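Report on the structure given below.
The values are calculated or read from the model by the stated rules, or taken from the named source; none is laboratory data. This structure is a prediction, so every number in the text was calculated from the model and none was measured. In this analysis, Cβ positions are derived from the backbone assuming ideal geometry, glycine residues included, and neighbour counts consider all displayed protein chains.
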Amino acid sequence: MKKILIICDLFPPAFGPRMGYLCKYLLKEGWEPTVLTEDQIDTTFSFMTNICKVVAMPYYSRKSGFWARLQRAFFFFLDLCFSYKDRQMYKEACRILQKQPVDIILCSTYRDFPLKAAQKAAHRYNLPWVADLRDIIEQYAGNEFISRPIPFGLTSLVAPAFKRHSLCKRNRALKAASAVTTVSPWHVEILKHYNSNVHLIYNGYDPELFFPAPKVTPQFVITYTGRLHSTAMQDPSLLFEALALLTKEGFLTPEKCRVRWYTNAASQQIIMAEAQRMGVLEYMDIKEMAPAKEIPAVLNSSSILLLLTNQEVSGGPKGVMTTKVFEYMAVEKPIQCVRSDENLLATLLKETQSGLAATTVEEVTTFLRHHYAQWQNQGYTTITPIRSLTTTFSRAQQAHQFIDIFEGLKNQGPKLRPL
C-alpha cells in the first residue's frame, strides 16, 4: 500500500471536508494516509473521525477568560514573528517520518500555515510534496481571511502587516513545492505566478451522502448552510428585496414561506440586521450550524438552496467556489445565487443547469414564483441538471485527480529547491 503524509491546518472532526473526504477515498484506492493537523475545538465533522491515523497538535488553550486570551495573543505573535506553529509541526512531522516512511507529502491550507513545515519535512526526507490551497487571501474583500478576531481588538491594526507576512511565507513555500492544487480557475491563474505546475481540483460532494431524496414539506423553505463573512463578500439584499416585493403583492406570506439559516452567531447578527433593515425579518428562521452529517437531509427538505456571494469586482470576492455549491448540485434542488459574481460561479450554475445567479430583483422574483408553483403542485421542488457535468465533482473522482498527480511526482522523483 502506498503511503502519504497529509499536513493540514484543519481536519475532521473540525471543518476540513476537502482533506477528510480525500482520505476516505484514498483508502479505497490503496493509499494509506497519515494526517498531521492542529487540534481544534470545532466538531462539525465528528462523524468523519477514525478514518485514518491522525496526530492533532494543541497550540492554544481551550479555556476562556482573560488568561486564556492572553495566552492566545502571546502564541499568535510568537507565530507571527518566529513561525512557532510551523516549527512545532515540522518537528512532529519528522517524528512521524522517522517511524514510517511515506511516498509523498500533501499540505492543505487556506493561508500559509503549515506550508513551511511540509516544505522542510519534504526537503529533509527527500520527498516530493504538493501544496493544496483551498482558499487564498487574495480572494477576500477585506480582512475576512483572519479566521478569528485577534485578541484585545487588534485585528484592524495588525491585519495589513499580517497579510503581507502571510503572503510572503506562502509564496516562498509555493515556489519550492513539487506541485500545487487549488479550487477554481481564478485561483490557478493567481498561483501560477509562484509555481508553474498548478492543477485545478474543485471542491465537491461525497456521492455516498449527497444525492436526490426530496421530501414533501408544509412550507416553501429557502435554506442557507454555512457562514457569512461580510456583506461585501456575501450580499443577501436581492433576496430580501424580492421577499419584500412578493409580500407586498400578496404572493408570499411568512406562514407559507420560511428562510432558514444554519449558521454561526456572528453570521446571525449580520442576517438579522439586514433582514430587519429591509422589512423581511418575519421570514427568518435562525438556527445553529447543523452537524455535517445532517446537511443532506436539510438540503433535501428544502425548496430553494441559497448561495450568497457578490459581484467579482475590485474590493469584492474573487474566484469563490465553496463546497456547498457542489453539495447543492448533488441533491438536485434549485439553487438561487445572490448576488451573481458574474463570473465563474454564474457560469457553473448556467452550464450545469443547476440554478440562477441573479443580478436583479426581477430575476429573483421570477425564480421564486416558478419554484413556488412547483412546490404548490407537488409539495416539493426538484431540477434535472446536466448530470454528466455535476458527477465530475464527486469526491471519489477528485481523489483520482489527486492520485494522478501523486503518481506522476513519484515517478519523477523529488525536485528539491533550497530552503
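For the reader, a short list of remarks on this structure follows.
- Qualifying residue in segment 234-250 (condition: under 27 Å from LEU133 (Cα atoms) and surrounded by fewer than 17 Cβ atoms within 10 Å (Cβ to Cβ)): no
- Filtered residues of segment 18-39 (kept if assigned to a strand (DSSP E or B) and charged (D, E, K, R)): GLU32, GLU38
- Taken over segment 286-331, the criterion of being among the small types (Gly, Ala, Ser), out of contact with any Ser or Thr (no Cβ under 7 Å at 6 or more places or on another chain) and more than 24 Å from THR182 (Cα to Cα) is satisfied by ALA297 alone.
- Taken as a whole, segment 227-238 holds at least one residue that is in a helix (DSSP H, G or I) and either at pLDDT below 95 or closer than 17 Å to TRP261 by Cβ (or both).
- Test: residue in segment 227-238 that is assigned by TED's automatic domain parsing to the domain that holds MET321, more than 21 Å from the chain's Cα centre (by Cα) and more than 22 Å from THR347 (Cβ to Cβ): yes
- Selection of segment 274-292 for residues being among the aliphatic types (A, V, I, L, M) and under 20 Å from LEU245 (Cβ atoms) yields ALA275, MET278, VAL280, LEU281, MET284.
- Residue count for segment 32-53, restricted to those that are over 11 Å from GLY20 (Cβ atoms), in contact with a helix residue (DSSP H, G or I) (Cβ under 7 Å, 6 or more places away or on another chain) and hydrophobic (A, V, I, L, M, F, W, C): 1
Table: residues versus (1) touching a helix residue (DSSP H, G or I) at 6+ places or on another chain (Cβ under 7 Å); (2) among the hydrophobic types (A, V, I, L, M, F, W, C); (3) modelled with pLDDT of 95 or more.
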site	(1), (2), (3)
PHE326	yes, yes, yes
VAL338	yes, yes, yes
ALA346	no, yes, yes
GLN353	no, no, yes
ALA358	yes, yes, yes
THR391	no, no, yes
ALA396	yes, yes, yes
ASN411	no, no, no
LYS415	no, no, no
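- Among (1) closer than 30 Å to MET329 by Cβ; (2) of a type in the set (D, E, K, R); (3) under 22 Å from the mean Cα position of the chain (by Cα) - the single one LYS215 does not satisfy: (3)
- Some residue of segment 173-187 being surrounded by fewer than 16 Cβ atoms within 10 Å (Cβ to Cβ), touching a residue at least 12 places away in the same chain (Cβ under 8 Å) and closer than 21 Å to GLU312 by Cα: yes
- Filter result for ARG69 (at pLDDT below 70 and among the charged types (D, E, K, R)): yes
- Cβ-Cβ under 7 Å pairs, at least 6 apart or on other chains, segment 277-294 side free of Cβ contacts under 8 Å to residues at least 12 places away in the same chain, far side surrounded by 18 or more Cβ atoms within 10 Å (Cβ to Cβ) and not in a loop (DSSP other than H, G, I, E, B): LEU281/ALA275
- The strands (runs of 3 or more DSSP E) found entirely in segment 277-389 that carry 1 or more residues being buried (at least 16 other Cβ atoms within 10 Å of the Cβ), over 20 Å from the mean Cα position of the chain (by Cα) and at negative phi are 284-287, 304-308, 355-357.
- Restricted to strands (runs of 3 or more DSSP E) entirely inside segment 111-225, those with at least 2 residues that are modelled with pLDDT of 95 or more and not assigned by TED's automatic domain parsing to the domain that holds ILE41 are 220-225.
- If you go through segment 256-276 and keep only what is in contact (Cβ under 8 Å) with a residue 12 or more places away in the chain, surrounded by fewer than 16 Cβ atoms within 10 Å (Cβ to Cβ) and not basic (Lys, Arg), you end up with ASN264, ALA266, MET272.
- Conditions (1) under 12 Å from SER302 (Cα atoms); (2) part of a loop (DSSP other than H, G, I, E, B); (3) assigned by TED's automatic domain parsing to the domain that holds ASN310; number of the one not met by THR253: (1)
- Within segment 336-348, tally of residues that are free of Cβ contacts under 8 Å to residues at least 40 places away in the same chain and under 17 Å from LEU238 (Cβ atoms): 6
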